Amino acid sequence: MDWIGLSGYNNKISREYYGYRQLSQLISRPYRYFRVNHKDKPIMQAEFGSPIGKDQPKWLRKALGTLKSLPGMKAAICWDVFDHTIGEDMTLSEESIKALKEMLKDPYFI
């Protein structure tokens, strides 16, 4: 089976052109396109993340809420790395890890 993969980062490059964005704003158009044009294919959020900082846990909570609300979304991978190509720290803070662990207790994500 083929999958469709989406990327969604609230990173320096995205913010430079569009400003601070939630995952829902980053993926809504491509998600709708693929759901209409490739109904039989599951969609994976192949990578997503936001820079480390006080907003990161809140951003991740909203991102998981978004993923849960999309019926065609069947898998997701949260990015946790320092991106040397753009010099941005996308590693997960301790608070973000705690938030993700709590949200992932939801049976939906099993």
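The values are calculated or read from the model by the stated rules, or taken from the named source; none is laboratory data. Everything numeric in this text was worked out from a predicted model, so none of it was measured. Methodologically, a virtual Cβ is constructed for each residue, glycine included, from the backbone with ideal geometry; neighbour enumeration extends over all protein chains shown.
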- Query: Within segment 88-108, is even one residue closer than 28 Å to Val36 by Cβ and either assigned to a loop (DSSP other than H, G, I, E, B) or β-branched (Val, Ile, Thr) (or both)?
  - Reply: yes
- Task: Could you grab the pairs with beta carbons closer than 9 Å, sequence gap of 6+ or different chains, first residue in segment 74-93 and at negative phi and basic (Lys, Arg), second one modelled with pLDDT under 90 and part of a loop (DSSP other than H, G, I, E, B)?
- Result: none
- Can you tell me which residues in segment 37-70 are surrounded by fewer than 17 Cβ atoms within 10 Å (Cβ to Cβ), at pLDDT below 95 and over 16 Å from Leu26 (Cβ atoms)? Lys39, Asp40, Gly53, Lys54
- Item | Condition met for Leu6 (part of a loop (DSSP other than H, G, I, E, B), modelled with pLDDT of 95 or more and surrounded by 13 or more Cβ atoms within 10 Å (Cβ to Cβ)) | no
- Query: Among the residues of segment 10-47, which ones are in a strand (DSSP E or B) and out of contact with any helix residue (DSSP H, G or I) (no Cβ under 7 Å at 6 or more places or on another chain)?
  - Reply: Met44, Ala46, Glu47
